[in-house]
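First the structure, in the form of structure tokens, and then the observations on it.
The values are calculated or read from the model by the stated rules, or taken from the named source; none is laboratory data. Since this is a predicted model, take the numbers as computed values, not measurements. Here the Cβ is made from the backbone with ideal geometry for all residues, glycine too, and neighbour counts use every protein chain on show. Surface accessibility is based on the protein's heavy atoms, side chains included, excluding ligands, DNA and RNA. Shrake-Rupley method; radii C 1.70, N 1.55, O 1.52, S 1.80 Å.
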Amino acid sequence: MKILKNISLKAYNTFNIDVKASGYAEANSVAELIDFVKEGHLRDNNVLILGGGSNILFSGDFDGLVIRNRIEGIEVKEQGTDMVLVKAGAGVVWDDLVHYCIDRGYGGIENLVLIPGSVGASPIQNIGAYGVELKDVFHSLEALDVNTGEVRSFGTEECAFAYRDSIFKKGLKGKYIILSVSLLLSRDHDPDVSYGAILDELKAMGVDRPGIREVGEAVTAIRRRKLPDPEEVGNAGSFFKNPVITEKKYHEIRNRYPDMPSYKGEPGLVKVPAGWMIEQCAWKGQTLGNAAVHDRQALVLVNKGNATGKEVLRLARRIKASVFDEFGIDLEMEVNVY
Ligand code: FAD
Ligand code: NAP
């Protein structure tokens, strides 16, 4: 692997933030990545593993080594009458994997269609959408220890998946490079259409007995309408996580906002859409410098063209302060800031 110096990262992050990395290398195979780690290039270096850059905000130039994961390959490892075990390289585009599975009738990830980014990043925040999370189909992953160069396997328990969270965002942050992810999918899948907008979309499509392909198409249509395409306007999807609050806190807010949407979480807990709270604080569609709040979904912050990461962060902090003043809730950022 060759280390390039002073490389622009603008094309490698969907926020389109124009920053430079002092070192940049691409990994195209597991073998070369293992050699690279064992040669000691990661020791004493500030390291960032980059997939599609769709969940990242660069607040300035990156003083360290960026390793872009480009390890390809999708293979069926095992097949039974009902189940199939599919393994994909970390550099595979997540949406390509979803379509590979839909085309072969492997069900379970059709609700996760059109999520940008790489397979390798999918366990990091346990990607989720439309009522399905990665953990629902996760089997295992292989990861490289950045200190020793050893490869180990992680099962579901070890990943400690939670709502948009995993061990790789917490205790093991920056300690492993994910090399591949294996998913256990169903060959006779009954798709989950319980998430409100899907049923309406299927109805509009004239579909009353949907299979995984139709569900994938319905989710694609909803997402295309509602979310900004990073090819057209820089963004990293939801900027904040939806807060999960106690029932007591929920009732306090509900007294002031009887129309507040909410979803039951673990016993005693309630999930409240952060986008709704941001909207109540009148931020939807607002601009601050070159950063803005998307006009169709207030949870998404966008780059109006030449925003710096600092400008986006300034907007995010202003939003956080407004939501805290109005609701007493401290929004947590979902996007990884470097
Ligand atoms: P990156 O942004 O490159 O990296 C994210 C983090 O993971 C970084 O900390 C990075 O260091 C780490 N990382 C990446 N690859 C590896 C690896 N191989 N090993 C170790 N660490 C690694 N997310 C959802 O959950 N649901 C959605 O519905 C959704 N919709 C989105 C819609 C839009 C328009 C956009 C722009 C984003 C959306 N996202 C969504 C967020 C994002 O797409 C996901 O989090 C995705 O998994 C990020 O993948 P990536 O390869 O781009 O990761
Ligand atoms: P939405 O349908 O307008 O709903 C707003 C919020 O309410 C969502 O965030 C969702 O939480 C919650 N919600 C809605 N219906 C729900 C239900 N039946 N059960 C539980 N929670 C429900 O959301 P949206 O912005 O258009 O996004 C649609 C889906 O795509 C969501 O799942 C969202 O997470 C996902 N998405 C994620 C990102 C990202 O970057 N993380 C970006 C775009 C879209 P959940 O988020 O927990 O589902």
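Structure summary
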| item | result |
| --- | --- |
| Condition check for Ile167: within 26 Å of Glu332 (Cβ to Cβ), among the hydrophobic types (A, V, I, L, M, F, W, C) and either surrounded by 13 or more Cβ atoms within 10 Å (Cβ to Cβ) or within 24 Å of the chain's Cα centre (by Cα) (or both) | yes |
| Residue list for the range 72-82, filter: modelled with pLDDT of 95 or more, in a strand (DSSP E or B) and either at positive phi or exposed (fewer than 15 other Cβ atoms within 10 Å of the Cβ) (or both) | Glu75, Val76, Lys77 |
| Tally, over the range 224-234, of residues that are open to solvent by 10 Å² or more (accessible area, probe 1.4 Å) and either of a type outside the set (D, E, K, R) or touching a strand residue (DSSP E or B) at 6+ places or on another chain (Cβ under 8 Å) (or both) | 4 |
| Matching strands (runs of 3 or more DSSP E) fully within the range 99-207 where at least 2 residues are within 14 Å of ligand 1 (Cβ to nearest atom), in contact with an Asp or Glu (Cβ under 6 Å, 6 or more places away or on another chain) and under 30 Å from Ala221 (Cα atoms) | none |
| Residues within the range 55-64 that are assigned to a strand (DSSP E or B), open to solvent by 10 Å² or more (accessible area, probe 1.4 Å) and in contact with a Phe, Trp or Tyr (Cβ under 8 Å, 6 or more places away or on another chain), tallied | 2 |
| Filter result for the condition that a residue is without any contact (Cβ under 8 Å) to a residue 60 or more places away in the chain and in contact with a Pro (Cβ under 8 Å, 6 or more places away or on another chain), over Pro267, Pro273, Pro230, Pro258 | Pro273 |
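Here is a yes/no grid of residues against (1) farther than 30 Å from Gly309 by Cα; (2) modelled with pLDDT of 95 or more; (3) surrounded by 24 or more Cβ atoms within 10 Å (Cβ to Cβ); (4) among the β-branched types (Val, Ile, Thr):
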residue: Asp44; (1), (2), (3), (4): no, no, no, no
residue: Val66; (1), (2), (3), (4): no, yes, yes, yes
residue: Val84; (1), (2), (3), (4): yes, yes, no, yes
residue: Cys101; (1), (2), (3), (4): yes, yes, yes, no
residue: Glu110; (1), (2), (3), (4): yes, yes, yes, no
residue: Leu114; (1), (2), (3), (4): no, yes, no, no
residue: Gly117; (1), (2), (3), (4): no, yes, no, no
residue: Gly128; (1), (2), (3), (4): no, yes, no, no
residue: Asp136; (1), (2), (3), (4): yes, yes, no, no
